[in-house]
Amino acid sequence: MTHPYDVAVLGAGPAGMAAATEAARRGAKVVLLEESPAPGGQVYRAAPPGFVVPPDADRRAGDALRAALAASGAELRLGHRVWGLGGGPLVRQGEAPVPFRIDALPPDGEPVTLEARALVLCAGTHERIIPFPGWTLPGVIGLAAATILLKAQGVLPGRRVVVAGAGPLLYAVAAKLLKAGSEVAAIADLATRGEWARAMPALLARPDLLARGLAWRAALATNGVPVLQAHAVIAAEGVGAVERVRVQPISGGAAESFDCDALCIGHGLVPATEATRVFRAAHRYARESGGWVPVLDADRRVSVPLLYVAGDGGGVRGAAAAPAAGRLAALAALRDLGVLDGRAHARARRRPALEQWRAAQAGQAMARMMALRPALVDAIAPETVVCRCEGVTRAEIETALDDGATEMNQLKQFTRCGMGPCQGRLCGEAAAELVARRVGGRERAGFATGRLPLRPVPMEAVLGEFDYADIPVPAPAPL
Amino acid sequence: MAFDVAIVGAGVMGCSTALHLARAGMRVALLDRGAICREASGVNAGTLTMQMTRAALIPYALRAHEMWLRMAEWCDGGHVLAVACPGLSVAFTEREAAMLEERAKARRAAGAPIELISGGQAMEIEPGLSDRVLLAGHCPIDGFTSAYLTGRAFRPALLNAGVALFENRAVWGVDREAGRFVLETETGPLQAKRIVLAGGVWLEEMAGWLGVRLPIKVLINQLVVTERIRPVMRTVLGVASGLLSLKQYANGTVLIGGGWQGIGDRQRGGLAVRAENFRGNVRLAAHTIPALRDARVVRAWLGLEAETADALPAIGPIPGVDNAWIIGSVHSGYTSGPYFGKLLAQAVAGEAPEMPLFPIDRLLAMEAA
Amino acid sequence: MDARAARTILSVVRASMRIAGVERPTEVAFSFAGQELRAPVGESLAAALIVAGVRRLGEGPGSPRAAFCMMGTCQQCLLRVDGRLAQACITPVRAGMVVTEA
């Protein structure tokens, strides 16, 4: 194993790129690990190597962060899938903490293990999807998935598309679809006009984002796209793939049907807390920040020493707020490692702290719009599959709750909900809400204990080449 | 008002003891600081194998095997998807073959119908097996459960039998007043005429409540599961040393266990997988069933196992404290758990148990020495 | 039918699912379930299959499997690429790759 890094950053989205840049510029030995082949994250995602996509505002913002990163001296490990985390506080009782350990799978398939004294987690979010009849039909994809297809791959999710769910991504996706040549059959927005009106003052903090949102809306109006406020998708239907989507006002009333070959739907973003759960950090439930989030101080420190979280993984605030958060985390790490003294740290953090605060105002308003909407959970039909990996329906979850399951780990045991390869990332929100209804809230329902691997890992990668004699079989069990 | 008996710890042994005592007519309180069967009883590898059971426990494990397979009949329909299948314990080296012979002999003497067969014969029973096996112990009585279902399986039967089940109610200590036990709990005192300590790795602390010093070792066992894959095996597989347990469930997932150690302790529970042991365990598994190379690992976790100084169970009365009993700390305790609970219930109810218990006097004497 | 609607239908019929104006590397051949397909080298396999009209990627325990999150999270697009399990959404297209259901 090589000499430990001062700082390892996981995830090269805007928070991770900025964190690695800041730490490396100040002389720390930094490694940034990213699963994708290029840095960028979801919003600033780069096109695959060899693809040239016409630039937009996001591309330019991403390029600036990428350029700074490239010049910073941080070691960039792309295409690295991090599956194992350890070290830090995870030692035997009484032993001193050790460096953090990171197990990753590079593109060549030869596993690597790195060590770092401080660890900055920039894992971002995954998309919340509250199940409805037909959500498992091919052709139904996430809103975030649609942006990746459109912006990074340059591929249309469908030729005639219904866009549904909550948050600004709805309009971003719809506008992009139109521009790229798709027909947008309808937009079904869960938010009321009133909710959007109430969000306006906060959006004024970032006039650039506001202007862009208004431009999207104008494009939709010009093209005569039906924008249905306060509407929910009640079913996706079709034989073998989605062919039509049924939409209904959330207050009830007549449903409308829209023919389509794709449905792009998302019910908000959920902070990815797998890594902080693995380290047994303190978490709190913050609905308006997307769900369970690690408890953070103003400098992005987690309750575990030398562990930091930046970006939406610490609570949804949007890509614009992420770089400043990344810089704050990096500065805190350097302070805690003794690279920066108290005065230098206080001076250096002033600007990112202010920037983060400002961008977070707008981000928070959008996060609120994307927060979990309990009515969607109430509407899940008994026979609807909630956990796709294990084929667990709402009715099966309710029966397990009748049988005495009182929290998420127990629900998992009683039903296998969340035990499959996605490890509850897709079903976790809906399942947790169903538990919460019975036990009096998400805090009581808890969350599934963090487990490794963080993502399914091919056995081949763990095994490597070995002889039987190399296996360090422990002393035999007693006879 | 006092319960006839308070049982502290709702794992498989506490649940079985509670169920049998309630059916014998006692008013039973079953308390756990967490949810039913959420610790070792709910996260273990669900192995019902004789070839990993200590020789002295074989007669018990054989009876428990039968109980697991017929659980629905005695547990009001509750079950753990128990499957009966042959078991193989394999040796890859001459040294392991010698160990296997010795161990098979001892277990056979204790009543497990284990025969030694060649690698070739083993491959006829288990076509997925590596062709590098020199010798195998074959036991037609073997099988496995889905241990994660254990709490769900016991719960309705306990309630039907009238057990007062108090989940998420931690016990802090025990006083004795006027011939009764007063359990100090999170939500107030609870009185009982008798007490059964069934707290797994936390038995050491519990025994301390009654002034008894009983050291309990804590093992932090690692487990690994793959995602659903095509059928690659149809037996329960182990190795001569006992450091592998391997089975494929009906849903296609393959569970890899064997007691490789992770990081954790009694206070904080299982904390982290030890990377080198994770790799060692799965290498041993893939060496045994080569088709596992093709699978993906979905999850690894840790379960705490209790062990006494002589690695034999602690089941019986607590010396010097009338009406106090202890049950637990069994190597492969899940395998024999329901039967041990039944036996202790017989003793607590004043009957002669149908098989001998494992009183702790021997352990206390070792500790005093 | 008005002129605009007619134009729309015509453009929909003609247009590829690949957005115009994006410069892409050369197309290469690969196979999915025995069928020969073409896609620019480096495009994500999941995107390439969507373009080819392949939506259903397998059968899960309670529902069909298809690309859903496109970012490596949901595990719904698991396929076998050159004999090994791989998530289509994070697997770039390479010349000659042999893709089958998982």
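The values are calculated or read from the model by the stated rules, or taken from the named source; none is laboratory data. Nothing here was measured: the structure is a model prediction, and the numbers come from that model. Note that we place each Cβ from the backbone using ideal geometry, even for glycine, and neighbour counts take in every protein chain shown. Only protein heavy atoms, including side chains, enter the accessible area calculation; ligands, DNA and RNA are left aside. Shrake-Rupley method; radii C 1.70, N 1.55, O 1.52, S 1.80 Å.
Identify, by number, the condition in (1) open to solvent by 40 Å² or more (accessible area, probe 1.4 Å); (2) more than 14 Å from chain C (Cβ to nearest Cβ) that A:GLU460 doesn't meet.
Exception for A:GLU460: condition (2).
Considering every residue within segment A:323-334, establish whether at least one is in a loop (DSSP other than H, G, I, E, B) and touching a Cys at 6+ places or on another chain (Cβ under 8 Å).
no
Spot the failing condition for A:VAL242; the list is (1) open to solvent by 20 Å² or more (accessible area, probe 1.4 Å); (2) within 12 Å of chain C (Cβ to nearest Cβ), and only one is missed.
The failed condition is (1).
Out of all the residues in segment B:94-103, is one or more within 13 Å of chain A (Cβ to nearest Cβ) and under 22 Å from the mean Cα position of the chain (by Cα)?
yes
Which residue pairs have Cβ atoms closer than 9 Å, lie 6 or more positions apart in sequence or on different chains, and pair a first residue in segment A:47-62 that is at the interface with chain C (Cβ under 7 Å from one of its Cβ atoms) with a second residue that is of a type in the set (Asp, Glu) and open to solvent by 20 Å² or more (accessible area, probe 1.4 Å)?
Within 9 Å, the pairs are A:GLY50/C:GLU23; A:PHE51/C:GLU23; A:VAL52/C:GLU23; A:VAL53/C:GLU23.
For segment B:243-269, how many residues are surrounded by 20 or more Cβ atoms within 10 Å (Cβ to Cβ) and more than 9 Å from chain A (Cβ to nearest Cβ)?
9
Restricting to segment B:136-189, what's the tally of residues that are within 21 Å of B:ALA61 (Cβ to Cβ) and not aromatic (Phe, Trp, Tyr)?
The number of residues fulfilling the criteria is 14.
Using beta carbons and a limit of 8 Å, which pairs, at least six apart or on different chains, have the first residue in segment B:151-163 and facing chain A (nearest Cβ under 8 Å) and the second one surrounded by 24 or more Cβ atoms within 10 Å (Cβ to Cβ) and in a loop (DSSP other than H, G, I, E, B)?
B:GLY151/B:ALA10; B:GLY151/B:ILE36; B:GLY151/B:CYS37; B:ARG152/A:ALA405; B:ARG155/B:ILE36
Give, as residue ranges, the helices (runs of 4 or more DSSP H) completely inside segment A:370-479 that count at least 3 residues that are of a type outside the set (Asp, Glu) and touching a strand residue (DSSP E or B) at 6+ places or on another chain (Cβ under 7 Å).
Filter on segment A:370-479 gives A:459-463.
Could you tell me whether B:ARG176 is surrounded by fewer than 23 Cβ atoms within 10 Å (Cβ to Cβ) and over 28 Å from B:LEU271 (Cβ atoms)?
yes
List the strands (runs of 3 or more DSSP E) that sit entirely inside segment A:25-135 and contain at least 2 residues that are open to solvent by less than 50 Å² (accessible area, probe 1.4 Å).
The qualifying strands (runs of 3 or more DSSP E) are A:30-33, A:81-88, A:98-105, A:112-121, A:125-127.
Please go through segment B:309-324 and give me each residue that is surrounded by fewer than 23 Cβ atoms within 10 Å (Cβ to Cβ) and either in contact with a Ser or Thr (Cβ under 8 Å, 6 or more places away or on another chain) or more than 10 Å from chain A (Cβ to nearest Cβ) (or both), ordered by number.
Once the filter is applied, which keeps residues that are surrounded by fewer than 23 Cβ atoms within 10 Å (Cβ to Cβ) and either in contact with a Ser or Thr (Cβ under 8 Å, 6 or more places away or on another chain) or more than 10 Å from chain A (Cβ to nearest Cβ) (or both), segment B:309-324 yields B:ALA309, B:GLY316, B:PRO317, B:PRO319, B:GLY320, B:VAL321, B:ASP322, B:ASN323, B:ALA324.
I'd like to know if segment B:194-207 contains one or more residues that are farther than 20 Å from B:GLY11 by Cα and either assigned by TED's automatic domain parsing to the domain that holds B:GLY11 or open to solvent by 10 Å² or more (accessible area, probe 1.4 Å) (or both).
No - not one qualifying residue is present in segment B:194-207.
Of the conditions (1) at the interface with chain A (Cβ under 9 Å from one of its Cβ atoms); (2) assigned to a loop (DSSP other than H, G, I, E, B); (3) within 23 Å of A:THR147 (Cα to Cα), C:CYS89 clears all except one; give me its number.
All conditions pass for C:CYS89, except number (2).
All but one of (1) within 14 Å of chain C (Cβ to nearest Cβ); (2) farther than 30 Å from A:GLU465 by Cβ hold for A:VAL82; which doesn't?
Every listed condition holds for A:VAL82 apart from (2).
Every residue, every condition in (1) within 25 Å of A:VAL386 (Cα to Cα); (2) acidic (Asp, Glu); (3) under 20 Å from the mean Cα position of the chain (by Cα), yes or no:
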site	(1), (2), (3)
A:GLY134	yes, no, no
A:ALA144	yes, no, yes
A:LYS151	no, no, yes
A:ALA166	yes, no, yes
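It is to be established whether one or more residues within segment B:241-258 are among the β-branched types (Val, Ile, Thr), outside the structural domain of B:GLY11 (by TED's automatic domain parsing) and at pLDDT below 95.
no
Out of everything in segment B:283-293 that is at the interface with chain A (Cβ under 7 Å from one of its Cβ atoms) and of a type outside the set (Gly, Ala, Ser), what residue ends up being surrounded by the fewest Cβ atoms within 10 Å (Cβ to Cβ)?
B:ARG293
Could you check segment B:211-232 and list, in sequence order, the residues that are crowded, with 19+ Cβ neighbours inside 10 Å and more than 14 Å from chain A (Cβ to nearest Cβ)?
Answer for segment B:211-232, where residues must be crowded, with 19+ Cβ neighbours inside 10 Å and more than 14 Å from chain A (Cβ to nearest Cβ): B:VAL212, B:LEU214, B:ILE216.
Please go through (1) open to solvent by 10 Å² or more (accessible area, probe 1.4 Å); (2) within 27 Å of A:MET366 (Cα to Cα); (3) free of Cβ contacts under 8 Å to residues at least 40 places away in the same chain for A:GLY314 and return the number of the only condition it doesn't satisfy.
Only one criterion in (1) open to solvent by 10 Å² or more (accessible area, probe 1.4 Å); (2) within 27 Å of A:MET366 (Cα to Cα); (3) free of Cβ contacts under 8 Å to residues at least 40 places away in the same chain is unmet by A:GLY314, namely (3).
Given the criterion in contact (Cβ under 8 Å) with a residue 60 or more places away in the chain, within 12 Å of the chain's Cα centre (by Cα) and under 18 Å from C:ARG38 (Cα atoms), identify the matching residue among C:VAL98, C:VAL93, C:VAL54.
Result of the check over C:VAL98, C:VAL93, C:VAL54: C:VAL93.
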